[in-house]
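Engineer: A single structure is presented below for examination.
The values are calculated or read from the model by the stated rules, or taken from the named source; none is laboratory data. Fair warning: this is a prediction, and the values are worked out from it, not measured in the lab. Don't worry about glycine lacking a Cβ; one is built from the backbone with ideal geometry, like all the others, and counts go over all protein chains shown.
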Amino acid sequence: MEKKDRQFLLWLAREAIRAKLENENLKINDAEISGALKQKSGTFVTLKIGGRLRGCIGHIEPVQEIYKDVAENACSAAFEDPRFSPLTKSGFEKTVMEISLLSESKKFEYKSRDSLIRNLEKNKPGVILKKGGQTATFLPQVWEELPNAEEFLAHLCLKAGLNPEEWNRGIEIETYTVEKIPS
């Protein structure tokens with residue numbers, strides 16, 4: 001993605017949150033949006049304050065144009081992440097954000113527990129874990145906090161509402177990559 005599109009997305013995410021904090025409507029001139037940003041892609045917006053997670057919301061699948069998805073996910077991360085209270089104006093001043101543009105996910109076929117662990121630790125992809133209607137994902141950036149694949153999968157199971165050892169009992173795994181846009 002071109003530098004100007006990356007800069008626009010960061011501006012847009014910040015402006016979407018600012019507008020909501022100020023009870024204003026977000027104003028975007030559609031004519032100024034590049035064709036690349038009108039494509040559909042899964043996106044996530046991650047907010048941090050003082051290096052600590054403050055919100056992270058997104059869509060794994062492409063549901064709308066990139067620029068619309070980023071604006072929506074920025075507001076959701078700021079005000080609707082159930083792990084945190086809504087962002088305040090003072091918190092907004094300290095917020096650092098990162099946008100992740102997701103590749104299409106691919107089903108990961110593995111023959112054994114060991115082959116799954118080896119592949120994940122080698123490639124450190126984004127991971128979608130599915131079992132019995134329960135689903136959760138971790139972006140590739142989570143490997144920085146959970147570099148051990150067994151621990152990574154245990155935490156992902158917990159996020160999906162499963163027993164942390166459930167990954168040992170036959171789960172479906174999909175993987176993806178991201179293009180990170182840090183602020």
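Engineer: Any chance you could count how many residues in segment 47-67 are under 17 Å from Ser103 (Cα atoms) and in contact with a helix residue (DSSP H, G or I) (Cβ under 9 Å, 6 or more places away or on another chain)?
Structural biologist: In the first step, residues of segment 47-67 are kept if they are under 17 Å from Ser103 (Cα atoms); the result is 57-67.
From what's left, in contact with a helix residue (DSSP H, G or I) (Cβ under 9 Å, 6 or more places away or on another chain): 57-59, 62-67.
Going through segment 47-67 one residue at a time, the tally reaches 9.
Engineer: Given the criterion among the charged types (D, E, K, R), closer than 15 Å to Pro125 by Cβ and either modelled with pLDDT of 95 or more or in the same structural domain as Lys122 (by TED's automatic domain parsing) (or both), identify the matching residue among Glu150, Glu145, Glu179. Walk me through how you get there before you give the answer.
Structural biologist: Details: Glu150 fails: closer than 15 Å to Pro125 by Cβ; Glu145 fails: closer than 15 Å to Pro125 by Cβ.
Step by step, each of Glu150, Glu145, Glu179 is checked, and only Glu179 is among the charged types (D, E, K, R), closer than 15 Å to Pro125 by Cβ and either modelled with pLDDT of 95 or more or in the same structural domain as Lys122 (by TED's automatic domain parsing) (or both).
Engineer: Sticking with this structure for a sec: Report, ordered by the first and then the second residue, all pairs with beta carbons closer than 6 Å, sequence separation of six or more or different chains, a first member in segment 30-57 that is of a type in the set (A, V, I, L, M), and a second member that is surrounded by 14 or more Cβ atoms within 10 Å (Cβ to Cβ) and assigned to a strand (DSSP E or B).
Structural biologist: Sorted first by the residue in segment 30-57, then by its partner, the pairs are Val45/Ile99; Leu47/Arg54; Leu47/Gly55; Leu47/Thr95; Leu47/Met97; Ile49/Thr95.
Engineer: Check segment 65-86 and report whether any residue there is basic (Lys, Arg), in the same structural domain as Asn23 (by TED's automatic domain parsing) and either under 18 Å from Ile181 (Cα atoms) or surrounded by fewer than 22 Cβ atoms within 10 Å (Cβ to Cβ) (or both).
Structural biologist: Of all residues in segment 65-86, those basic (Lys, Arg) come to 68, 83.
Cutting the leftovers down to in the same structural domain as Asn23 (by TED's automatic domain parsing) gives us 68, 83.
So of that shortlist, the ones also either under 18 Å from Ile181 (Cα atoms) or surrounded by fewer than 22 Cβ atoms within 10 Å (Cβ to Cβ) (or both) come out as 68, 83.
Yes: segment 65-86 contains one or more residues that are basic (Lys, Arg), in the same structural domain as Asn23 (by TED's automatic domain parsing) and either under 18 Å from Ile181 (Cα atoms) or surrounded by fewer than 22 Cβ atoms within 10 Å (Cβ to Cβ) (or both).
Engineer: In the set Arg14, Arg18, which member is within 17 Å of the chain's Cα centre (by Cα), at pLDDT 95 or above and over 23 Å from Thr137 (Cβ atoms)?
Structural biologist: Numbers: Arg18 fails: within 17 Å of the chain's Cα centre (by Cα).
From the options Arg14, Arg18, the qualifying one is Arg14.
Engineer: Quick check on this structure: which one of Lys94, Lys124, Lys106 is closer than 28 Å to Leu10 by Cα, buried (at least 17 other Cβ atoms within 10 Å of the Cβ) and modelled with pLDDT of 95 or more?
Structural biologist: Working: Lys94 fails: buried (at least 17 other Cβ atoms within 10 Å of the Cβ); Lys106 fails: buried (at least 17 other Cβ atoms within 10 Å of the Cβ).
Going through Lys94, Lys124, Lys106 in turn, just one is closer than 28 Å to Leu10 by Cα, buried (at least 17 other Cβ atoms within 10 Å of the Cβ) and modelled with pLDDT of 95 or more: Lys124.
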